[in-house]
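The values are calculated or read from the model by the stated rules, or taken from the named source; none is laboratory data. Every value quoted in this text rests on a predicted model; they were computed, and no experiment measured them. Note: ideal-geometry Cβ built from the backbone for every residue, glycine included; neighbour counts use all protein chains shown.
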Amino acid sequence: MKHLLKMLDLTSEEIIDILNLADQLKYELKHGIPHPHLKGKTLGMIFQKASTRTRVSFETGMYQLGGYPLFLSSNDLQIGRGEPVQDTARVLSRYLDGIMIRTFEQKEVEDLAEYGSIPIINGLTDFCHPCQVLADLMTIREFKGSFDGLKMCFIGDGNNMANSLIVGCLKVGMAVSVACPDDYQPPKEILDFAAAYDNFELTNSPVQAAKDADVLITDVWASMGQEGEAEKRKKAFAGYQINDELMAVAKPDAMVLHCLPAHREEEITEKVFEAHAKEIFEEAENRLHAQKAVMVKLMA
């Protein structure tokens, strides 16, 4: 494992290794045990999309690991003024020990990895969100004990979250059911991957997808950069909401996750969100621990 570019690149064993290390780092942090694995190392954090959780968790995590994080806004970089990604990658590789980038196009992340000589971490693209899904898997295992026999149901847009959840959950052995409107399904690359698994289901019926689910997950209907489509998407996703009706057909002890920010009464009701706030905010915290594990694996 040289980089974290997308869940498709990780083996099942690599995912479990990251989760095991994340559990260990979380335990050490809670018990005041220092773990300065990245002492003297620097992480450049390129943000072409703003973020609360990604910035704070990576900055804090790098500090806790003994390293130094540098926040690099696209407004402050030549990359935002037309410098080719390959030139930025080759320059930053001479200053830094790793780069985390949160951007729009997956190709930009892949190009950084191709032309740079240091580890690249995908903090989010329009195609995938591997750091979030590693935190989700960590949270599922924390609450359920293992992945064996579990079913994950995703309701909503076939977006970066759906893409990474499908891949990550299938790779750790979970059954996966996804409910999307017909015009908002995951891309062919993800569906081709999932077609090799007999425990994958794609439907346009949220009730069918949620049946006997152990874990229900959703995301906003209009992601960052899609604000202009908000009204159109509200109509398309009417009915694609985690609510009492869906919870009634899921397992009685089903957990609910949301990558946040949540738009209550759109993709999830206030009632269901608050009933499962413990899981959702543990999931948010686990971004810190999962990302620290990724940084240690790549940069230590």
query = For segment 241-248, does any single residue satisfy the condition of being assigned by TED's automatic domain parsing to the domain that holds residue 144, over 23 Å from residue 4 (Cα atoms), assigned to a helix (DSSP H, G or I) and among the small types (Gly, Ala, Ser)?
reply = yes
Residue 137: passes all of (1) surrounded by 24 or more Cβ atoms within 10 Å (Cβ to Cβ); (2) touching a strand residue (DSSP E or B) at 6+ places or on another chain (Cβ under 9 Å); (3) in contact (Cβ under 8 Å) with a residue 60 or more places away in the chain but (2)
In segment 50-78, residues that are crowded, with 18+ Cβ neighbours inside 10 Å and either assigned to a loop (DSSP other than H, G, I, E, B) or in contact with a Lys or Arg (Cβ under 6 Å, 6 or more places away or on another chain) (or both) total 6
* For segment 267-274, indicate whether the set of residues that are touching a residue at least 60 places away in the same chain (Cβ under 8 Å) and over 27 Å from residue 13 (Cβ atoms) is non-empty. => yes
Here the qualifying pairs (Cβ atoms under 7 Å; residues six or more apart or on different chains; first in segment 191-209 and assigned by TED's automatic domain parsing to the domain that holds residue 244; second part of a loop (DSSP other than H, G, I, E, B)) come out as 202/185; 204/180; 204/181; 206/239; 206/240
- Answer yes or no: is there a residue in segment 248-264 that is modelled with pLDDT under 95, among the aliphatic types (A, V, I, L, M) and either crowded, with 19+ Cβ neighbours inside 10 Å or more than 20 Å from the chain's Cα centre (by Cα) (or both). no
